[in-house]
1. Just for segment 39-55: of the residues that are over 25 Å from residue 179 (Cα atoms) and buried (at least 20 other Cβ atoms within 10 Å of the Cβ), which one is farthest from ligand 2 (Cβ to nearest atom)?
2. Which condition number in (1) in a helix (DSSP H, G or I); (2) surrounded by fewer than 19 Cβ atoms within 10 Å (Cβ to Cβ) is the one that residue 218 fails?
3. Do you know which residues across segment 189-203 are surrounded by fewer than 22 Cβ atoms within 10 Å (Cβ to Cβ) and within 16 Å of ligand 2 (Cβ to nearest atom)?
4. Being within 16 Å of ligand 2 (Cβ to nearest atom), part of a helix (DSSP H, G or I) and touching a residue at least 24 places away in the same chain (Cβ under 8 Å): is that true of residue 61 here?
5. Is it fair to say residue 142 is assigned to a helix (DSSP H, G or I), more than 25 Å from residue 54 (Cα to Cα), at pLDDT 95 or above and away from ligand 1 (no atom under 16 Å from the Cβ)?
6. Do we have any residue at all in segment 65-84 that's surrounded by fewer than 18 Cβ atoms within 10 Å (Cβ to Cβ), within 16 Å of ligand 2 (Cβ to nearest atom) and free of Cβ contacts under 8 Å to residues at least 40 places away in the same chain?
7. Return a yes/no flag: does segment 179-189 have any residue that is outside any helix (DSSP H, G or I), within 16 Å of ligand 1 (Cβ to nearest atom) and either under 19 Å from residue 51 (Cα atoms) or touching a residue at least 24 places away in the same chain (Cβ under 8 Å) (or both).
8. Output the residues belonging to segment 92-107 that are surrounded by 15 or more Cβ atoms within 10 Å (Cβ to Cβ), closer than 21 Å to residue 57 by Cβ and either without any contact (Cβ under 8 Å) to a residue 12 or more places away in the chain or more than 16 Å from ligand 1 (Cβ to nearest atom) (or both).
Ligand SMILES: Nc1ncnc2c1ncn2[C@@H]1O[C@H](COP(=O)(O)OP(=O)(O)OP(=O)(O)O)[C@@H](O)[C@H]1O
Ligand SMILES: [Mg+2]
């Protein structure tokens, strides 16, 4: 499914636009991606981005924020629960993205929320949280809301939510924690990508709570690894259900036409 001429014209010329007289669409600016989700992500909604190790989840997330900051005047927050901010900044220099400059200009904020960096203020042992207490979703939500206020963020990436989910045995706590987080961020009209690792065979609770799901695949084909992308759900959106090949090049991610193998 490809957009008609008028939709394509809008997608190519406006950073945000309105469909169905009510929904504002936020362009990710990732080449080819906006076309398969009817123009972009719905403003203020949260989607889950899930995929194999090395499939490009972090790159997709940072590209969404980098484009927002540079091309659409939309500041963004990257919450990292995996890699250090220094590692992120240095890895993305490979693509020519000067994340450090955007951080200095408050167009991107990197929040280091790795649990071993968090200390429980209620205990005087100085132990990091991971050693004893869980790191509650409410705590992370508070950090995000403070960040949104500080830089007037319109975009958010959490990499990855699974780091918090695996600390709870109780599915109810995870589901409620995620739903409250989504609700609070939604209220601020901040469009969000929650990265999710499919750690076991069960469907992660965030897949149900989020308004959209995008899957990145990374699989072996003869002597090489192939990458692809598929939109599994996108509430209220006429999205494509096809699998599209993707390529990384010197500028990051590109979604390709399935047959022609050129950017769609
Ligand atoms: N400059 C580059 N040009 C092309 N491909 C690159 C470049 N830098 C990294 N890659 C590819 O991107 C992959 C890493 O992407 P990324 O970190 O976004 O994946 P991920 O899904 O977040 O991984 P993880 O599951 O480890 O968090 C690398 O394994 C490499 O194959
Ligand atoms: Mg990653």
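1. Looking at residues that are over 25 Å from residue 179 (Cα atoms) and buried (at least 20 other Cβ atoms within 10 Å of the Cβ), I get 39.
2. (1)
3. Matches in segment 189-203: 197, 198, 199.
4. yes
5. The answer is no for residue 142.
6. Yes, segment 65-84 has at least one match.
7. So far as segment 179-189 goes, no, none of its residues is outside any helix (DSSP H, G or I), within 16 Å of ligand 1 (Cβ to nearest atom) and either under 19 Å from residue 51 (Cα atoms) or touching a residue at least 24 places away in the same chain (Cβ under 8 Å) (or both).
8. 102, 103
The values are calculated or read from the model by the stated rules, or taken from the named source; none is laboratory data. These numbers come from a predicted model, not from an experiment. A quick note on method: Cβ atoms are made from the backbone with ideal geometry, for glycine too, and the neighbour counts reach across all protein chains shown.
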